[in-house]
Structure formats: structure tokens, C-alpha cells
Amino acid sequence: MTANRVLLAAMFVGAIAAAIGALAEDKRMVHQMMPRAAPLPVEGELPSLGGARGWLNSQPLTAAGLRGKVVLVDFWTYTCINWRRTFPYVRAWSEKYRDQGLVVIGVHSPEFEFEKDADNVRRESKDMRVDYPIAIDSDHAIWRAFNNEYWPALYFIDAQGRIRHHQFGEGDYEQAETIIQQLLAEAGTGRINQGLVSVDARGAEAAADLDSLRSAENYVGYAPTENFASPGGARLNEARLYAAPTRLSLNHWALSGDWTMGIQATVLNKAAGRIVYRFHARDLHLVMGSAARGTSVRFRVLVDGHPPGPAHGVDVDEQGNGAVTGPRMYQLIRQPEPIADRQFEIEFLDAGVEAYAFTFG
């Protein structure tokens, strides 16, 4: 190689090195300019999980045994529509970050008496594909240890066993996942995938249509119910023949037939009883069960006096036919646009149904 070629090669290598150095410096400057995640406060210590009556999908877990893991505690009850709509994200986070040091614990703290039954929780969690550890908190011992008041509620615990953040209700999913990533990074669990999960939520798990939602949750039991419109009003623990007005005001409801209204639920004493509700929402759900365990109750749904057709929910067909086969939440209506005030009616062809609560979405 001639002297000139050697000189030109040296100049070329030097130029490349300078360019690489400049690029590295640019990257350092960009990294320094990027906003860092806000520091998370310490809100307390992870309380004892010893109050659980039992565990599903796991051996009993303890606060001490979870040290070194990032923990997401999710308070839920399986008939809660608000939890059902957050669940696709919690399930996706568990699947994505399980191998990176995240432990998701679903603390099942029941609202209704039948949700205290571990067999019911086991069946519903299997149907909904809840595969992470579940603490059966039927006595609300863990609920009280956290001073919790909400379904759903998320508590984010770092690898040192400290509560660093909490979120109540639906939404803020990007923030929640970012905090999971931040706590995993703090724990030094290795390379963290910075992307965010994408979920395909269907049926009752689909996000609510908030733009058209004009109806709020309402209980069918005596104590908490609102806007009951049957003439003569409600009677507690008394078998009575009720009648329903021909037309109801928005968010009012009525019974027709022989019913007994208890504190938590209203029970149909004879076949052919009806519940009528005027609502404004895309979705209508009704929490129901049967008074005799292991039996089913047939029903038929109408919207404005007609079979629901394309407005039927996942638990009925286009003609409005369905059956109560266990105590859970049933999606009865998912109406297509345009969303408007509708008169919902459900007639039970068999006696023995227990009706607990209406929810909407």
C-alpha cells in the first residue's frame, strides 16, 4: 500500500470514529433529555394475607414469601361489571410480566352471599380464565387489612414489600402498566419490555360506552334499591302480587307477579313473573341466581315489547331466550346505535329466580 493510500485510509477510519463518537454523544444527550418516571411514594407495607379462607391456582402466599417480587393485588368480586372491564388488562399484565418478576394476586372479596361460596368462585374464575393466584377473602379480612373500600382496586407493591401506588375503578391502564414496569426496573429483574399491552375485550369485558351511558347500577333487593315504581311500593320479606305500570320514567323499574323482596335479592314465588326497567345504555346486565341450587330458570327478554334481535346480549339469543344456570352476572342487552331510552322486560317461565342487581355499560 502506498503512503497516500495509508493516509487516506487513516483519514477515513478517523472520520468514522468521530461520527460514531458524535452519535453516541447525541444518544447520551437524548437520554438525558427524556423525562424520567416520577418517584413513587411509599404508602405502607403489604399487609398479611393470612385472613384468606383458601387459595385457588396457588399454595397460600405470604407477605414475607413474596419479598423480591413485584406484586399487584387486585380486589374483585366476580359479579362486578367494573372489575370485569378491568380484568382483560390485569390478565394481560400477568401473562406478560410473570417471567420478569411480577406476581398478580386476585383477592376475591364478595359483595353478595353466594359469592362467598368458594365453589362458585372456582367455577367462575375458570370460565373467565383467571389463572393467577386467588385469595378467597370471604370474611373481608384482607379487605380490612388494606383499608380497602372499592371494587376493583389495584395495589402496587415493590420487591421490598412496600405499597407504592394504588388505583381505584376503571381506566388509567397505561399509567398502571408503566408503574409495573418502573417497579420491575427498580427490582433489577432484567430487561423490561417497555411496550404496553393491547387487549381484545369482548362481551361483558368490553369497555363501557360512556358517551351514551345514562343509567347507573341499581339493586333489586329491598334495602339499597332506588326508583321502584310498582303501585303500593315494596314490602320487605312479604310474598306479594306486584303490578308494573304500562310505561316507566327513565331509570325506574317495577315488578309484575308474585315476588318476595329480601334485603339483597328479590325472589319469584310463581312462574310468569316479570321485571321491567327503563334504561339508557348500550349494555344491560342483571345479576341472577336460582333459589334451589343446581336448578335452572328459563326466561325471555323483550325490548320495547319486541324480541331483542341484534340488540341481544351474550346470554340470550335473538329471540330473547335464555336461562339462569348459576349465580352470576348475565349480559342481556347490547344494543346497536343509535342508543336511546328503551323499556327492558324479562319474564321468567319458571319460579325460583333470585334477582340481585342491574348494571349498565
Query raised in the report: Across segment 240-259, which residue is nearest to residue 271 (Cα to Cα) among those that are open to solvent by 70 Å² or more (accessible area, probe 1.4 Å) and either touching a residue at least 24 places away in the same chain (Cβ under 8 Å) or in a strand (DSSP E or B) (or both)?
Result: 241
Query raised in the report: Taking residue 335 and the conditions (1) within 26 Å of the chain's Cα centre (by Cα); (2) open to solvent by 10 Å² or more (accessible area, probe 1.4 Å); (3) closer than 29 Å to residue 110 by Cβ, which numbered condition does it fall short on, given that it satisfies the others?
Result: (3)
Report task. Among the strands (runs of 3 or more DSSP E) lying completely within segment 132-173, list those that include at least 1 residues that are polar (S, T, N, Q) and crowded, with 18+ Cβ neighbours inside 10 Å. Result -> 162-168
Requested in this report: Confirm whether residue 70 is crowded, with 23+ Cβ neighbours inside 10 Å, at pLDDT 95 or above and within 23 Å of residue 167 (Cα to Cα).
Outcome: yes
Query - Hey, residue 284 within 22 Å of residue 361 (Cβ to Cβ) and either open to solvent by less than 60 Å² (accessible area, probe 1.4 Å) or assigned to a loop (DSSP other than H, G, I, E, B) (or both) or not - result: yes
Report task. Provide a single number: the residues in segment 192-210 that are open to solvent by less than 30 Å² (accessible area, probe 1.4 Å) and either within 15 Å of residue 96 (Cα to Cα) or not hydrophobic (A, V, I, L, M, F, W, C) (or both). Result -> 3
**Report entry** Verdict on residue 96 being under 24 Å from residue 203 (Cα atoms), assigned to a helix (DSSP H, G or I), touching a residue at least 40 places away in the same chain (Cβ under 8 Å) and open to solvent by 20 Å² or more (accessible area, probe 1.4 Å)
**Finding:** yes
**Report entry** Close pairs (9 angstrom Cβ cut-off, 6 or more residues apart or separate chains): under 30 Å from residue 333 (Cα atoms) and charged (D, E, K, R) in segment 183-204, assigned to a loop (DSSP other than H, G, I, E, B) and open to solvent by 30 Å² or more (accessible area, probe 1.4 Å) anywhere
**Finding:** 202/314
Query raised in the report: Which of the residues belonging to segment 303-361 are in contact with a Leu (Cβ under 8 Å, 6 or more places away or on another chain), among the small types (Gly, Ala, Ser) and in contact (Cβ under 8 Å) with a residue 24 or more places away in the chain?
Result: 313, 322, 351, 352, 355, 357, 361
Query - Leading residue by the ranking (nearest to residue 131 (Cα to Cα)) among those in segment 52-62 that are touching a residue at least 40 places away in the same chain (Cβ under 8 Å) and open to solvent by 30 Å² or more (accessible area, probe 1.4 Å) - result: 57
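Residues checked against (1) part of a loop (DSSP other than H, G, I, E, B); (2) at pLDDT 95 or above; (3) surrounded by 23 or more Cβ atoms within 10 Å (Cβ to Cβ):
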residue	(1), (2), (3)
271	yes, yes, no
289	no, yes, yes
302	no, yes, no
359	no, yes, yes
Query raised in the report: Quick one: would you say residue 89 is farther than 20 Å from residue 55 by Cβ and either in a strand (DSSP E or B) or touching a residue at least 24 places away in the same chain (Cβ under 8 Å) (or both)?
Result: yes
**Report entry** Filtered residues of segment 174-191 (kept if out of contact with any strand residue (DSSP E or B) (no Cβ under 6 Å at 6 or more places or on another chain), open to solvent by 20 Å² or more (accessible area, probe 1.4 Å) and either of a type in the set (Gly, Ala, Ser) or farther than 14 Å from residue 103 by Cβ (or both))
**Finding:** 174, 175, 178, 182, 185, 186, 188, 190, 191
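Answer yes or no as to whether residue 317 is on the phi < 0 side of the Ramachandran plot, of a type in the set (D, E, K, R), within 27 Å of the chain's Cα centre (by Cα) and open to solvent by less than 10 Å² (accessible area, probe 1.4 Å). Let's see the steps before the verdict.
Details: on the phi < 0 side of the Ramachandran plot: yes; of a type in the set (D, E, K, R): yes; within 27 Å of the chain's Cα centre (by Cα): yes; open to solvent by less than 10 Å² (accessible area, probe 1.4 Å): no.
When the stated conditions are applied, residue 317 does not pass them.
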**Report entry** Residue under evaluation residue 115, criteria (1) more than 27 Å from residue 326 (Cα to Cα); (2) surrounded by 20 or more Cβ atoms within 10 Å (Cβ to Cβ), criterion not met
**Finding:** (1)
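The values are calculated or read from the model by the stated rules, or taken from the named source; none is laboratory data. None of the values given here were measured: they were computed from a predicted structure. Counting neighbours? That spans all protein chains shown, and the Cβs are built from the backbone with ideal geometry, glycine included. Heads up: the accessible areas ignore ligands, DNA and RNA and are worked out on the full protein's heavy atoms, side chains in. Shrake-Rupley method; radii C 1.70, N 1.55, O 1.52, S 1.80 Å.
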